[in-house]
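Here the structure is laid out as structure tokens; the discussion comes afterwards.
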Amino acid sequence: MGNMTEATQITDARKRYSAGVLKYAQMGYWDADYQPRHTDVLALFRITPQDGVDPIEAAAAVAGESSTATWTVVWTDRLTACDMYRAKAYRVDPVPNNPGQYFCYVAYDLSLFEEGSITNVAASIIGNVFSFKPLKAARLEDMKFPVAYVKTFAGPPTGIVVERERLDKFGRPLLGATTKPKLGLSGRNYGRVVYEGLKGGLDFMKDDENINSQPFMHWRDRFLFVMDAVNKASAATGEVKGSYLNVTAGTMEEMYRRAEFARSLGSVVIMVDLVVGYTGIQSLSHWCRQNDMILHLHRAGHGTYTRQKTHGVSFRVIAKWMRLAGVDHIHAGTAVGKLEGDPLTVQGYYNVCRDTRTVVDLPRGLHFDQDWGALRKVMPVASGGIHAGQMHQLLDLFGDDVVLQFGGGTIGHPQGIQAGATANRVALEAMVLARNEGRDIRAEGPEILREAARWCTPLAAALQTWGEVSFDYAPTDTSDYLPTASVA
Ligand SMILES: O=C(COP(=O)(O)O)[C@H](O)[C@H](O)COP(=O)(O)O
Ligand SMILES: [Mg+2]
């Protein structure tokens with residue numbers, strides 16, 4: 001593929017470094033024989049070169065612009081160990097069934113990255129190349145981090161195992177709900193919703209992505225009324241309860257102030273939005289580690305760049321970055337709910353969060369093995385337009401280590417919020433029991449729910465209200481590799 005004469009690195013130093021413009025492949029950013037080393041960082045890009053642009057040269061340009069290169073030869077390269085610092089595009093494959101698109105693999109030397117900084121990784125890997133004129137579009141599909149680099153991150157401050165121990169909840173998914181309406185409630189009414197949800201059987205309530213400190217409810221009022229509700233619900237039920245207090249704010253100093261207040265009130269969990277940026281998230285992660293706090297990450301904004309297959313950054317990469325950055329919860333999709341999510345692709349995100357070692361699984365979008373170097377595991381969160389009638393699908397797709405979050409599907413219950421929470425708790429426990437007894441929940445799920453509803457009026461009402469609701473649209477972000485029988 002490509003023009004092999006032009007795609008060859010110029011090795012004669014005089015020609016290579018004389019002033020002027022060379023192709024990126026000639027400058028050494030393409031090496032078909034390169035064998036990635038176990039210490040290299042690897043990236044897989046899906047590129048759509050402009051008409052007439054050689055895919056190998058396009059891949060070399062991506063490697064160049066995401067490491068050391070500029071558009072012209074610079075003699076100052078020779079003041080550095082430039083052969084080592086140059087990223088190497090080493091493989092270009094046409095994307096199956098997508099003419100004009102190519103998967104290009106790039107290897108980066110470990111020394112190109114600052115220890116423990118997702119911000120630095122992002123500045124290199126997605127710094128310039130997505131605006132590059134010779135490409136119509138580019139997407140970062142996947143990345144692999146060597147254990148040597150993984151170990152420079154502290155990872156999740158709490159992790160799945162310790163979170164379960166702190167909450168004293170085992171053997172089932174956790175249940176949550178996003179408080180609704182997401183904007184407008186006063187502190188007192190907001191606290192009432194939180195109390196009702198927790199008392200009815202949920203483990204967590206949650207601030208929504210855009211609730212910070214608006215005129216109708218300043219953050220301190222929210223924190224005070226929410227923690228009053230959490231404490232009363234814990235006392236009433238004998239269970240550990242939590243409500244993700246969103247500390248997202250305009251400055252780091254203010255986020256710390258809010259986090260400190262949450263701690264002083266006895267909250268087990270705080271929340272932050274992805275839009276605060278990677279440095280903000282890592283800073284809060286370190287704070288959580290020092291303060292025995294669970295860190296919930298809401299992926300607000302991700303759909304602007306993760307959803308389209310040809311351009312942007314896959315959410316699997318964001319999930320990997322966030323496990324390194326150190327969050328305990330991450331919204332990772334529902335597959336069956338109101339928001340984008342192909343079931344296999346979403347399962348791939350869950351694997352990234354929960355595996356000790358992630359293995360290549362092309363139908364799930366996983367192109368690299370990844371050893372997580374004993375970093376703690378992130379609890380994925382399924383949230384967005386889900387309801388009790390889908391409990392069998394959710395448990396079948398995601399297993400036990402997940403928070404299932406029903407916002408509208410709790411608060412919109414015709415008999416009230418407590419009834420909505422009870423419906424979800426009973427549906428979940430009935431489904432877990434059925435699974436543990438060996439029943440095929442995927443096939444028998446609706447029947448199992450109907451049986452449980454005979455003894456639970458709130459569940460009967462939930463199924464009557466929402467049982468038929470589904471969101472059947474074609475997913476946007478799917479794998480280009482069809483599942484075989486063995487992986488489906
Ligand atoms: O408010 C909700 C869900 O409310 P509801 O349960 O009423 O639909 C969350 O913001 C979305 O789940 C986020 O999406 P994602 O989890 O995909 O980031
Ligand atoms: Mg929301």
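Scoring Gly64 on the criteria (1) part of a loop (DSSP other than H, G, I, E, B); (2) surrounded by 11 or more Cβ atoms within 10 Å (Cβ to Cβ); (3) in contact (Cβ under 8 Å) with a residue 24 or more places away in the chain leaves a single failure, condition (1). Considering each residue of region 427-434 in turn, none proves to be under 30 Å from Tyr149 (Cβ atoms) and either of a type outside the set (Asp, Glu) or within 16 Å of ligand 2 (Cβ to nearest atom) (or both).
How do the pairs read when you match residues in region 299-319 that are free of Cβ contacts under 8 Å to residues at least 60 places away in the same chain with residues anywhere that are within 16 Å of ligand 2 (Cβ to nearest atom) and open to solvent by 40 Å² or more (accessible area, probe 1.4 Å), using Cβ under 6 Å and keeping only pairs 6 or more apart or on different chains? Here the result reads Gly301/Val275, each pair linking region 299-319 to a residue that is within 16 Å of ligand 2 (Cβ to nearest atom) and open to solvent by 40 Å² or more (accessible area, probe 1.4 Å).
For region 390-457, list the helices (runs of 4 or more DSSP H) that sit wholly inside it and hold at least 3 residues that are in contact with a His (Cβ under 6 Å, 6 or more places away or on another chain); which are they?
Values: elements: 391-398, 408-411, 417-436, 441-453.
Qualifying helices (runs of 4 or more DSSP H): 417-436.
When the test is whether a residue is open to solvent by 40 Å² or more (accessible area, probe 1.4 Å) and either under 14 Å from the mean Cα position of the chain (by Cα) or within 15 Å of ligand 1 (Cβ to nearest atom) (or both), Leu274 does not pass it. The single residue among Tyr195, Tyr102 that is touching a helix residue (DSSP H, G or I) at 6+ places or on another chain (Cβ under 6 Å), closer than 27 Å to Arg364 by Cα, aromatic (Phe, Trp, Tyr) and open to solvent by 20 Å² or more (accessible area, probe 1.4 Å) turns out to be Tyr102. Summed over region 170-186, the residues that are away from ligand 2 (no atom under 16 Å from the Cβ) and open to solvent by 10 Å² or more (accessible area, probe 1.4 Å) give a count of 4. A search for C-beta distances below 8 Å between a residue of region 464-479 that is of a type in the set (A, V, I, L, M, F, W, C) and any residue that is open to solvent by 90 Å² or more (accessible area, probe 1.4 Å) and assigned to a loop (DSSP other than H, G, I, E, B), counting only pairs 6+ apart in sequence or on different chains, returns Phe471/Lys338. Taken together, Glu340, Glu260 contain a single residue that is within 16 Å of ligand 2 (Cβ to nearest atom) and open to solvent by 10 Å² or more (accessible area, probe 1.4 Å), which is Glu340. For region 119-153, the set of residues classified as over 13 Å from Leu42 (Cα atoms) and hydroxyl-bearing (Ser, Thr, Tyr) consists of Thr119, Ser131, Thr152, listed by residue number. Among all residues of region 435-452, there is at least one that is closer than 30 Å to Val162 by Cβ, touching a Leu at 6+ places or on another chain (Cβ under 9 Å) and aliphatic (A, V, I, L, M). Within region 67-87, the residues that satisfy the criterion of being touching an Asp or Glu at 6+ places or on another chain (Cβ under 8 Å) and either in contact (Cβ under 8 Å) with a residue 60 or more places away in the chain or hydroxyl-bearing (Ser, Thr, Tyr) (or both) are Thr68, Tyr85. Among residues of region 364-384 that are within 17 Å of Gly155 (Cα to Cα) and open to solvent by less than 10 Å² (accessible area, probe 1.4 Å), those with a Cβ under 6 angstrom from a residue that is within 16 Å of ligand 2 (Cβ to nearest atom) and part of a loop (DSSP other than H, G, I, E, B), sequence gap 6+ or separate chain, pair up as Pro380/Ala332.
Annotation: Val403 fulfils all but one of (1) open to solvent by less than 10 Å² (accessible area, probe 1.4 Å); (2) under 24 Å from the mean Cα position of the chain (by Cα); (3) more than 16 Å from ligand 2 (Cβ to nearest atom); the unmet one is (3). Residue pairs whose Cβ atoms lie under 7 Å apart, sitting 6 or more positions apart in sequence or on different chains, and linking a residue in region 336-358 that is closer than 15 Å to Asp477 by Cβ and more than 13 Å from ligand 1 (Cβ to nearest atom) to a partner that is open to solvent by less than 10 Å² (accessible area, probe 1.4 Å) and hydroxyl-bearing (Ser, Thr, Tyr), are Val352/Thr358.
Filtered by the rule that a residue be hydrophobic (A, V, I, L, M, F, W, C), in a helix (DSSP H, G or I) and either free of Cβ contacts under 8 Å to residues at least 24 places away in the same chain or surrounded by fewer than 19 Cβ atoms within 10 Å (Cβ to Cβ) (or both), region 208-247 gives Leu224, Ala235, Ala236. One residue stands out among those in region 112-166 that are under 19 Å from the mean Cα position of the chain (by Cα) and polar (S, T, N, Q): the one that is least open to solvent (accessible area, probe 1.4 Å), which is Thr158.
The values are calculated or read from the model by the stated rules, or taken from the named source; none is laboratory data. Since this is a predicted model, take the numbers as computed values, not measurements. Note: ideal-geometry Cβ built from the backbone for every residue, glycine included; neighbour counts use all protein chains shown. Protein only, heavy atoms only, side chains kept; ligands, DNA and RNA dropped before computing areas. Shrake-Rupley method; radii C 1.70, N 1.55, O 1.52, S 1.80 Å.
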